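One structure below.
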Amino acid sequence: MDEKKSKVLIIGATGNLGYHLAQFSLKFSHPTFVLVRDSAPNDPVKAQKLQSLSNCGATLIKGSLEDEKSLVGAVKQVEVVICSIPSKHVLEQMVLIRVIKEAGCIKRFIPSEFGADPDRIQISDMDYNFYLRKAEIRRLVEAEGIPYTYISCNFLTSYLLPSLVQPGLKTPPRDKIRVFGDGNVKAVFVKEQDVAAFTICSMDDPRTLNKVLYLRPPGNVYSMNELVEIWESKIGKKLEKIYVPEDELLMKIKETPYPDNMQMIFIYSAFVKGDHTYFDIDSHSGAEGTQLYPNVKYATISEFLETLL
Ligand SMILES: NC(=O)c1ccc[n+]([C@@H]2O[C@H](COP(=O)([O-])OP(=O)(O)OC[C@H]3O[C@@H](n4cnc5c(N)ncnc54)[C@H](OP(=O)(O)O)[C@@H]3O)[C@@H](O)[C@H]2O)c1
């Protein structure tokens with residue numbers, strides 16, 4: 001593996017995942033640059049994050065994806081660019097891709113994905129182009145010949161797991177639980193900090209060049225029936241399972257207006273269609289994070305559920 005620590009630009013470091021990416025970049029001794037929009041320091045939470053990153057050695061650069069000149073200045077200082085902007089804005093990376101191409105100094109680009117693999121999902125007819133936009137960015141990166149790694153981490157633990165996959169709830173149920181489909185299809189959850197650690201490990205690694213880094217850590221891949229079992233063992237009580245068959249879930253998705261139905265669409269994708277796990281990882285186009293980086297200590301689902309007791 002390349003011993004030299006690349007200089008990294010992180011776009012989106014005041015956000016949820018982006019902050020952890022910047023923290024781990026610094027923790028793993030990468031010279032770390034953070035693109036900061038004008039408005040961010042006015043928000044006390046974001047200002048605190050920026051202060052903390054700066055205290056740890058990050059260089060803050062004023063700029064945004066809307067300001068091409070600022071992007072050129074920032075990209076020219078680094079060798080790796082990681083973007084972690086929200087999914088609804090991913091097409092705004094088009095200008096970034098053009099800047100990266102013209103700068104010619106970037107040896108790895110990690111675009112904003114951090115979910116299920118947009119080239120593998122089986123729900124593209126119903127997701128309001130959520131994954132199509134991410135796939136479009138992939139095609140552009142590849143057409144421009146920009147070296148890349150795509151991070152396919154599946155669900156972040158803060159998404160859906162705090163409610164044990166119950167739309168509308170914030171905490172896991174202790175009496176009755178809805179189980180979608182037959183409850184036997186496995187999905188993947190990975191904690192934000194762990195996604196960040198695996199991402200930073202991958203960005204200088206020749207084994208992940210022009211590949212998808214999938215995260216399927218042992219202890220983090222479970223069906224809904226298994227999740228319920230783990231939770232029951234923790235609370236020392238059996239739950240009443242209410243099975244919601246596929247056609248009923250599809251009907252609920254149809255009846256619920258966008259974007260309120262997106263949670264159910266992601267549940268359908270992961271726990272009914274099996275979009276996180278239905279395919280084997282092809283070693284020509286992908287690699288699995290825990291196999292490449294066995295030393296990264298990650299939180300298991302069982303450990304995460306322990307924190308909800
Ligand atoms: N798999 C999952 O379960 C899951 C769940 C949630 C998110 N995600 C993925 O994680 C990634 C990041 O999402 P997030 O929820 O962490 O995002 P977030 O918390 O909303 O943070 C967004 C960040 O992007 C920055 N940003 C937005 N537009 C920008 C622009 N035009 N120029 C520069 N910076 C811009 C924001 O800056 P300001 O502070 O200046 O606004 C902020 O730092 C996305 O790819 C998303 O799909 C995955």
Within a Cβ distance under 14 Å of residue 236, other residues only, what is the Lys/Arg minus Asp/Glu net charge?
0
Report the calculated FRET efficiency for residue 56 and residue 7 (r = Cβ-Cβ distance, R0 = 22 Å), to the nearest 0.05.
0.90
Calculated from backbone phi, Karplus (6.51, -1.76, 1.60) coupling profile of the stretch 261-267 in Hz, x at Gly/Pro:
8, 5, 4, 5, 5, 5, 5
Principal axis box of the stretch 111-237, alpha-carbon based, largest edge first, Å
54, 33, 23
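Scan the chain and hand back the longest stretch that contains none of the GluC sites (Glu not before Pro) lying in DSSP loops with at most 10 other Cβ atoms within 10 Å.
67-309
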Treating only Lys and Arg (+1) and Asp and Glu (-1) as charged, each at its beta carbon, one finds that the stretch 181-250 has a dipole about its Cα centre, in Debye to the nearest 20, of 280 debye
Highest-first arrangement of 12-22, 55-65, where packing means the average Cβ count within 10 Å
12-22, 55-65
Here the stretch 204-213 yields Karplus 3J(HN,Hα) values (6.51, -1.76, 1.60; θ = phi - 60°; whole Hz; Gly and Pro given as x) of 9, 9, x, 6, 10, 5, 6, 9, 8, 8
Once you have the Cα-Cα distance between residue 119 and residue 28, take 0.36 nm times their residue separation minus that, and quote the gain in nm to one decimal.
29.7 nm
With 10 angstrom as the radius, rank 264, 251 by how many other C-beta atoms surround their C-beta, starting from the fewest.
251, 264
Nearest 500 deg cm²/dmol is fine: what mean residue ellipticity at 222 nm does the chain get from its DSSP H runs of n ≥ 4 alone, each adding -39,500 (n - 2.57), divided by its residue count?
-10000 deg cm²/dmol
For the stretch 11-149, just say rounded, prolate or oblate: build the C-alpha gyration tensor, square-root its eigenvalues into a ≥ b ≥ c, call rounded for a/c under 1.5, and beyond that prolate if a/b exceeds b/c, oblate if not.
prolate
Just the C-alpha atoms of the chain: what Rg/Rh do they give, with Rh taken as the Kirkwood radius?
0.98
HN-Hα J in Hz across the stretch 132-140 - Karplus 6.51, -1.76, 1.60, θ = phi - 60°, x for Gly and Pro:
4, 5, 5, 5, 4, 5, 4, 4, 5
The residues 151, 177, 281, sorted from fewest to most surrounding Cβ atoms within 10 Å, come out as 281, 177, 151
Semi-axes of the equivalent ellipsoid for the stretch 211-289, please: Cα gyration tensor eigenvalues, times 5, square-rooted, ordered largest first, whole Å.
26, 22, 10
Measuring from centroid to centroid over Cα atoms, what is the spacing of the stretch 1-67 and the stretch 194-258 in Å?
28 Å
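Every read-out reported here was derived from the displayed coordinates using simple, explicitly stated rules and does not represent laboratory data. It should be emphasised that the depicted structure is a prediction, and the values quoted were computed from it without experimental measurement. When we count neighbours, we look across all protein chains shown, and the Cβ atoms used for this are built from the backbone with ideal geometry, even at glycine.
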